[in-house]
Amino acid sequence: MRRGRFTLQPNPDQIAARRRLGAELRRLREEALRSGQDLAGALGWSQSKVSRIEHARTLPTVSDARALLSELRVSPRERDRLLRLAEEAAGEPGTWRNSTGAGLTRRQQDFIALERSATTIHHYQPLLIPGYLQTEEYARRVLEMAGSSSVDRGVEMRLARRETLTRTGAPAYRIVLLETALHWRPGPVSLMADQLTLVAELAGSPNVGLRILKLDHEQVTYLQHPCMVFDFGATASREALVETLTQDVRVTDPAGVTQLSKYIEHLWSSSLSSRQSLALIRATAKSYKDGRA
């Protein structure tokens, strides 16, 4: 029997804290008009180390953060705030994960951390119910169709993403679903009745705005793939994620992110209102329950 290797992985909150810390350190360096190379030289580091810390590709120790803040001559109040953030990023490690399949992969944790770091998430989905709105049965059917090698892990990721949506201090969600998502059925009608009932429940959350783009309405633009745009407020530049069946394309170029954001905004503006959308979702759920769908 093959034995899996056990590794200690940070939890998504730690990864989110690391992203915020890196963005804050980069902002402070730029405000001080210091280059990464100049700052690295003053600290006796390589320029690549500074870059990795700022882009959250490595976890700085609290001592590293203290050295950076001292060199950048930040105020005591800001220094204390960012050292607390560094401690949060270092924090208590997550749980032991088995590399043969238990727990979330690093890619999945990074994806969750991206959502948890955001202040607003704009999401367009032309076919499926978004993962964080899926019931366990719906998620399992979709993952099996996609040929997932670890369905249980995929379901765990979706539940973790839903915790991001419902937790205190959650991001604001602006979701556009093409009407197809209400009718594409990966299982029996009872599955869809439960699924749309859950969507209606979560769409009623104060931080969630959800609109349905009707198929029989005149369209103003289109996107071929699911797309998410993440706003991080003043702490970092926006990012986007374009999802395909085999890979996710991360977009950080400001022009590209702006273009995708405009597409989603056009789709949002041409959709039913949130109230009309919620009524349609509930009516469709009822038709599934009544066997009329």
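Here are the numbers:
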item: Residue in region 257-269 that is part of a helix (DSSP H, G or I), closer than 29 Å to Arg18 by Cβ, open to solvent by 60 Å² or more (accessible area, probe 1.4 Å) and free of Cβ contacts under 8 Å to residues at least 40 places away in the same chain present; result: yes
item: Residue tally, condition more than 29 Å from Phe111 (Cβ to Cβ) and free of Cβ contacts under 8 Å to residues at least 60 places away in the same chain, over region 270-285; result: 3
item: Pick from region 222-256, criterion part of a loop (DSSP other than H, G, I, E, B) and in contact with an Asp or Glu (Cβ under 7 Å, 6 or more places away or on another chain), ranking: farthest from Arg116 (Cα to Cα); result: His225
item: Boolean, Arg116 is in contact with a helix residue (DSSP H, G or I) (Cβ under 6 Å, 6 or more places away or on another chain), of a type outside the set (A, V, I, L, M), under 23 Å from Val229 (Cα atoms) and modelled with pLDDT of 80 or more; result: yes
item: Candidate set from region 201-221 (those that are in contact (Cβ under 8 Å) with a residue 12 or more places away in the chain and outside any loop (DSSP other than H, G, I, E, B)); member that is most open to solvent (accessible area, probe 1.4 Å); result: Arg211
item: Region 172-194, residues that are charged (D, E, K, R) and in contact with a strand residue (DSSP E or B) (Cβ under 9 Å, 6 or more places away or on another chain); result: Arg174, Glu179
item: Long-range neighbours under 6 Å by Cβ, at least six apart or interchain, first residue surrounded by 14 or more Cβ atoms within 10 Å (Cβ to Cβ) within region 177-193, second of a type in the set (Val, Ile, Thr) and at pLDDT 95 or above; result: Leu177/Ile212; Glu179/Ile212; Ala181/Ile129; Leu182/Thr284
item: Asp38 at pLDDT below 90 and part of a helix (DSSP H, G or I); result: no
item: Residue that is farthest from Leu182 (Cα to Cα) [pool: residues in region 280-293 that are modelled with pLDDT of 95 or more and open to solvent by 60 Å² or more (accessible area, probe 1.4 Å)]; result: Lys286
item: Count of residues meeting criterion [polar (S, T, N, Q) and surrounded by 12 or more Cβ atoms within 10 Å (Cβ to Cβ)] in region 222-251; result: 2
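The values are calculated or read from the model by the stated rules, or taken from the named source; none is laboratory data. These figures come from a predicted structure and were not determined experimentally. Ideal geometry is used to build each Cβ from the backbone, glycine not excepted, and the neighbour counts take in all protein chains shown. Areas reflect the complete protein model, heavy atoms only, side chains present, ligands, DNA and RNA absent. Shrake-Rupley method; radii C 1.70, N 1.55, O 1.52, S 1.80 Å.
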